[in-house]
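Colleague: Handing you this structure, nothing more for now.
Coordinate-derived values only; no laboratory data. What you see is a predicted model, and the numbers here were worked out from it, not measured in a lab. Cβ: placed from backbone, ideal geometry, glycine included. Neighbour counts: every protein chain shown.
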Amino acid sequence: MNVFISADMEGICGVSGRVHWSTDGADYKRAREWMAQEVNAAIEGALQAGAKRVVVKDAHETATNIELDRLHSAAELISGWGPLGSMVEGVDRSFDVVFLIGYHARATTVSGTLAHTWSHNVLDLRINGQSIGEVGWAAAFAGHFDVPIGLVTGDDKLAAQVREELPDGVETVVTKTGWANTAAQMRPLAVVRDEIQQAARRVLANVASLSPWKPTLPLTLTIRFREWENLSACEAVPNVRRIAVDTFEVEAADCIEAQKYFATLHRLSRS
Ligand SMILES: [Zn+2]
């Protein structure tokens, strides 16, 4: 079996603020090590359950957080961002399951640790009217290739959203309890890593019971931005409708086209 792992940092046990997640943060070096260790726990569990190939996509900020010599020696690493800007870019039909490690709740989640959706500037992202976070967005991209999400790790608010956004059967490991946007109660590091390893093993034993997330196509993508003042360039993208001062809507043939619209509109929103 082949496993694709996408790793973010905000949901990693120990991470609660900018001091950790920003490359210029005082505790960033420690946080990137915690991130690598949680990913390694998932890899170890997958290998114990018979995984043949494990590919890890670094998906936080610069996407250069995981140091190759700190990653499990059996895994391959995708470092940096691909042209589509997807957190699961690189997944294809050769993979059996995706793990999302260190993820976080979507923007505007009360008490969600470092809750956001892709960037500071996205307030709400919807597929066919359903509000989703980075977990749902990654699941839709992977679902295009018929690959299901099997394991998600992050805070307790994220675990609740996984049940809301994704098909049944996804394993979650809660790394911490979200107290506020920059506060969390951490569970013991070793316990969290052990649970991730065990969960990864269980997921591989039960892959056949998982379903990919496949929204009804063509899908309607709706993006609401936080900063409404400089969005006029987004109106120049073909087929895109501005339905409110801060909100854009577009029909996409599939989830890859939706990712292309999202990446383009997001880049233009910052110009
Ligand atoms: Zn991140």
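Colleague: Give the cross-link partners of K176 among the lysines, using a straight C-alpha distance below 30 Å as the criterion and excluding same-chain residues fewer than 8 apart.
Modeller: Within reach: K29, K57, K157, K214.
Colleague: What does the helix-only formula give at 222 nm for the chain: each DSSP H stretch with n ≥ 4 adding -39500 (n - 2.57), the total divided by the residues, and the result rounded to the nearest 500 deg cm²/dmol?
Modeller: On the way: 6 runs with 78 residues, N = 271.
Mean residue ellipticity at 222 nm (helix-derived): -9000 deg cm²/dmol.
Colleague: Hey, another quick one. To the nearest 10 degrees, how steep is helix 28-48 against the longest Cα principal axis of the chain, on a 0 to 90 scale?
Modeller: 70 degrees
Colleague: Taking the beta-carbon count within 10 Å as an exposure proxy, list Y103, Y28 from fewest neighbours to most.
Modeller: Values: Y103 30, Y28 19.
So the ranking, lowest neighbour count to highest, is Y28, Y103.
Colleague: Let me ask you something else. Find out how many positive minus negative residues lie around I256, taking Lys and Arg as positive, Asp and Glu as negative, among other residues whose Cβ is under 15 Å from that of I256. Please list the in-between numbers first.
Modeller: Details: positive: R93, K214, K260; negative: E89, D92, D146, E251, D254, E257.
Net charge in that neighbourhood comes out at -3.
Colleague: Length gain on complete extension for the stretch A160 to R53, per 0.36 nm per residue less the alpha carbon to alpha carbon distance? Provide the component values of the computation, followed by the final result.
Modeller: Numbers: separation 107, 0.36 × 107 = 38.52 nm, distance 2.98 nm.
Taking A160 through R53 to full extension adds about 35.5 nm, to one decimal.
Colleague: Compute the separation of the alpha-carbon centres of the range 10-82 and the range 114-189 and state it in Å as a whole number.
Modeller: The two parts, judged by their Cα centres, are 17 Å apart.
Colleague: In addition: Could you give the length gained on full extension between T216 and S119, defined as 0.36 nm per residue of separation minus the Cα-Cα distance, in nm? Working shown, then result.
Modeller: On the way: separation 97, 0.36 × 97 = 34.92 nm, distance 2.58 nm.
So the chain would gain 32.3 nm between T216 and S119.
Colleague: Could you check which residue among V192, V174, V237 shows the biggest mean-square fluctuation in a GNM of the chain with a 10 Å Cα cutoff?
Modeller: Of the options given, V237 has the highest mean-square fluctuation.
Colleague: What angle, in degrees between 0 and 90 and rounded to the nearest 10, separates the Cα long axis of helix 156-165 from the longest principal axis of the Cα atoms of the chain?
Modeller: Tilt relative to the chain: about 60 degrees.
Colleague: Fewest first, what order do M87, M9 take by the number of other Cβ atoms within 10 Å? Please report the intermediate quantities before stating the final value.
Modeller: Working: M87 24, M9 27.
Fewest-to-most Cβ neighbours within 10 Å comes out as M87, M9.
Colleague: Right, next: Cα axis of helix 189-205 to longest principal axis of the chain: angle in degrees, 0 to 90, nearest 10?
Modeller: 80 degrees
Colleague: Quick one: longest stretch of the chain between exposed loop GluC sites (Glu not before Pro), exposed meaning at most 12 other C-beta atoms within 10 Å and loop per DSSP?
Modeller: Result for the longest clean stretch: 1-226.
Colleague: Please report the projected area of the range 219-269's Cα convex hull averaged over all directions, in nm². Before the final figure, lay out the partial values.
Modeller: Working: hull surface 12.0 nm².
It is 3.0 nm².
Colleague: Just to check, using Stokes-Einstein with a Kirkwood Rh over alpha carbon pairs, what's the diffusion coefficient of the chain at 10 °C and 1.306 mPa s in µm²/s? Write down the numbers at each step before the final one.
Modeller: Values: Rh = 18.5 Å.
Result for D is 86 µm²/s.
Colleague: Sticking with this one: Quick one: order F248, F99 by neighbouring beta-carbon count within 10 Å, fewest to most. Please report the intermediate quantities before stating the final value.
Modeller: On the way: F248 23, F99 28.
Going from least to most buried by this count: F248, F99.
Colleague: Name the long-range amide H neighbours of G11: under 5 Å, sequence gap of 5 or more, or other chain; modelled H, no Pro or chain starts.
Modeller: For G11, whose amide H was placed from the backbone, the distant partners under 5 Å are Y103.
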